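Taking it in order: structure first as structure tokens, then the write-up.
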Amino acid sequence: MDVNYKLDRGTLTIFLSGDIDEYSSSLIRKKVDRIIDESAQAERAVFNLSEINFMDSTGIGFLIGRYKKLRRYGISMSIEEPNFNADKILSMSGVYSLIQKI
């Protein structure tokens, strides 16, 4: 699992690649939480999921946890470019009723 990010004009974009499963979620949670804490001045956060190979329910929990963390900072969250598999899981779980897909 790889995590990259950029902060540009108030938008924090977090690029995730690889698998989001029980093993990787605890590792990326720490990295992403640190990025969020260091970018608290952002107005919005976008999670780019175009390079996600696999996501299970742990990935859903990871995203909802980051949504809650961002809300505490007053930062909105959206998901962009989920690949077919991630999009299917997120649609079936109802995550898009909470987190906007752009």
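The values are calculated or read from the model by the stated rules, or taken from the named source; none is laboratory data. Because the structure is a prediction, the values reported are computed rather than measured. Calculation scope for accessible area: heavy atoms of the full protein, side chains included, ligands and nucleic acids excluded. Shrake-Rupley method; radii C 1.70, N 1.55, O 1.52, S 1.80 Å.
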Excluding same-chain residues fewer than 8 positions from K101, which lysines have a Cα within less than 17 Å of its Cα?
K68, K88
Tell me the label only: which of (i) 81; (ii) 139; (iii) 109 is volume of the Cα convex hull per residue in Å³ as calculated from this structure?
(i)
Checking the cross-link filter: which aspartates and glutamates have an alpha carbon closer than 14 Å to that of K30, excluding same-chain neighbours under 8 positions apart?
D2, E22, E38
Determine the per residue accessible area of the range 3-102 with all protein chains present and a 1.4 angstrom probe, expressed in square angstrom.
55 Å²
How far is helix 22-38 tilted off the main Cα axis of the chain, in degrees rounded to 10, range 0 to 90?
20 degrees
Just how far, in whole angstrom, is the range 70-102 from the range 5-56 if you go by their alpha carbon centroids?
12 Å
Running a GNM on the chain with Cα contacts under 10 Å, which residue among R44, R29, R66 ends up with the highest mean-square fluctuation?
R29
